[in-house]
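Okay, so here's the structure we're looking at.
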Amino acid sequence: MQKDNQPTEKTIFKERTFQRIFEGIEDEIAILTATAKFNFTTCKTDQKILNVTLAYIDDTKKLITLLKARMNLLQETIS
């Protein structure tokens, strides 16, 4: 018999799937950041473009954090 405080296999699977989704997104953000900095370093872009790109990436990170929080709330609500 299972205790109420222990997560079920279904809950654990949902949490892992959720984590995998955002790991991929966070990896892509890291690649975009590295690419922007590399392009600036190799003089393919100027400082203004680098700043705009990094600001866009920062805003995207904030959006991802917000989405994670809301998805966690949703997951807790429906579990």
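The values are calculated or read from the model by the stated rules, or taken from the named source; none is laboratory data. Here the structure is a predicted model, which is why all the values come from computation and not from measurement. As a convention, Cβ positions derive from the backbone with ideal geometry for all residues, glycine included, and neighbour counts pool all protein chains shown.
Report, by residue number, each residue of region 36-79 that is within 19 Å of PHE22 (Cα to Cα) and of a type outside the set (A, V, I, L, M).
Correct list: TYR56, ASP58, ASP59, THR60, LYS61, LYS62, THR65, LYS68, ARG70, ASN72, GLN75, GLU76.
Inspect region 16-25 for any residue being acidic (Asp, Glu) and surrounded by 11 or more Cβ atoms within 10 Å (Cβ to Cβ) and give the result as yes or no.
no
How many residues, within region 27-67, are in contact (Cβ under 8 Å) with a residue 24 or more places away in the chain and farther than 24 Å from ILE78 by Cβ?
The number of residues fulfilling the criteria is 6.
Tell me yes or no: at least one residue of region 3-10 is under 30 Å from ILE78 (Cα atoms), of a type in the set (Val, Ile, Thr), modelled with pLDDT under 85 and exposed (fewer than 10 other Cβ atoms within 10 Å of the Cβ).
no
CYS43 passes all but one of (1) in a helix (DSSP H, G or I); (2) out of contact with any helix residue (DSSP H, G or I) (no Cβ under 6 Å at 6 or more places or on another chain); which number fails?
Among (1) in a helix (DSSP H, G or I); (2) out of contact with any helix residue (DSSP H, G or I) (no Cβ under 6 Å at 6 or more places or on another chain), the lone unmet condition for CYS43 is (1).
Select, from GLU15, GLU26, the only residue that is more than 13 Å from the chain's Cα centre (by Cα), on the phi < 0 side of the Ramachandran plot and part of a helix (DSSP H, G or I).
From the options GLU15, GLU26, the qualifying one is GLU15.
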